[in-house]
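Rule-based calculations on the coordinates, nothing more; no lab input. This one's a predicted model, so the numbers in the text were calculated from it and none came from an experiment. No Cβ is skipped: glycine too gets one built from the backbone with ideal geometry, and neighbour counts run over all protein chains shown.
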Amino acid sequence: MSTTVSAPAVTHPDRMPVYFVSHGGGPWPWMPDRAEAYANLAESLGDMPHQLLRKPKAILMISAHWEEPEFTVQGAARPGMLYDYGGFPDYTYHIRYPSPGSPALALRVTELLSQAGIPVQVDMERGYDHGMFSAMRPIYPNADVPVVQLSLRRGLDPADHLAMGRALAALRDEDVLIIGSGFSYHNLRAMGPQGHEPAKAFDDWLAHTMLHASPAERTQHLLHWENAPAARLAHPREEHLLPLMVAVGAAEGDKALRVYHEDAFRGALAVSSYRLDAA
């Protein structure tokens with residue numbers, strides 16, 4: 001097993017980086033019996049604030065667990081919790097991650113997307129899903145940074161999500177941290193040893209694309225990700241990969257750094273997370 005944590009600090013003093021993180025399964029940060037299995041992921045997420053030069057004003061989170069007919073932004077000042085999982089202990093349906101929302105950031109997102117000609121809606125009722133709170137609990141355990149979620153768009157077109165990322169890039173200069181929360185491997189029917197080979201094949205391709213391709217080549221590879229080795233075995237449905245497209249769109253000219261990697265997550269799976277900044 002190999003792991004990448006304690007990544008170097010970001011190199012640009014004025015611009016926030018962008019992350020794509022593998023967020024793990026269900027409400028794992030609240031479950032003591034998952035601590036060992038998730039130790040490396042928890043360490044990598046917990047290291048993120050140390051990589052930043054300052055605490056962000058707010059976080060814009062694109063979660064794999066929210067899809068709408070049009071891109072939709074969470075508008076509430078105090079979002080509730082959405083327990084979008086099943087089969088977990090009763091106490092996990094009462095956990096809280098009480099970070100505030102940010103109506104001002106939601107408004108800014110709608111402005112930027114509208115200016116780019118991208119239709120956008122606002123949802124005042126949507127709560128935080130586990131793609132948000134299971135990642136955010138290790139990152140900012142005190143829940144003291146405002147977080148706004150932004151949905152995927154049904155149809156899951158990579159080009160649409162890259163374009164949305166491009167439209168949001170200006171937020172990086174406004175002290176907003178953009179995080180795409182998904183999973184670099186997501187085949188719920190092959191989460192054990194049977195997933196080892198497809199996970200490794202796809203993860204190797206993704207690492208080459210993110211770390212060694214030029215920005216233009218990287219965009220083209222992601223647009224045609226279905227041609228990657230074991231692509232549809234790693235992602236039978238691509239909702240957990242699409243947050244990466246948004247992240248890359250928001251940092252399209254920047255280099256990437258792999259800030260988390262395991263070869264044997266859950267004993268068998270290769271999984272990764274990335275940071276993009278002006279390194």
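A few comments on the model shown:
- Sorted by Cβ neighbour density within 10 Å, fewest at the top, the residues 55, 200, 255: 55, 255, 200
- Cα centroids of the stretch 1-73 and the stretch 149-202: 12 Å apart.
- Fully extending the segment from residue 12 to residue 227, taken as 0.36 nm per residue of separation minus the present Cα-Cα distance, adds 74.0 nm.
- 102, 181 arranged by Cβ crowding within 10 Å, fewest neighbours leading: 102, 181
- Overall shape of the stretch 74-213 was characterised from the C-alpha gyration tensor. The equivalent ellipsoid obtained from it has semi-axes of 27, 23, 14 Å, in decreasing order.
- The slack in the chain from residue 52 to residue 115, taken as 0.36 nm per residue of separation less the alpha-carbon distance, amounts to 19.8 nm.
- Extending 7 Å from the Cα toward the beta-carbon at both residue 204 and residue 93 defines two label points whose distance is 4.4 nm.
- Here the simple spin-label model places points 7 Å from the Cα toward Cβ, and for residue 35 and residue 84 these points are separated by 2.9 nm.
- 11 Å beta-carbon shell around residue 44, net charge (K/R +1, D/E -1): -1
- Sorted into 10 angstrom bins from 0, the C-alpha pair distances of the chain split as 7, 32, 39, 20, 2 percent.
- In order through the stretch 78-84: 3J(HN,Hα) via Karplus (6.51 cos²θ - 1.76 cosθ + 1.60), integer Hz, x for Gly, Pro: 9, x, x, 10, 10, 8, 8
- If R0 equals 25 Å, the separation of the Cβ atoms of residue 264 and residue 211 corresponds to a calculated FRET efficiency of about 0.75.
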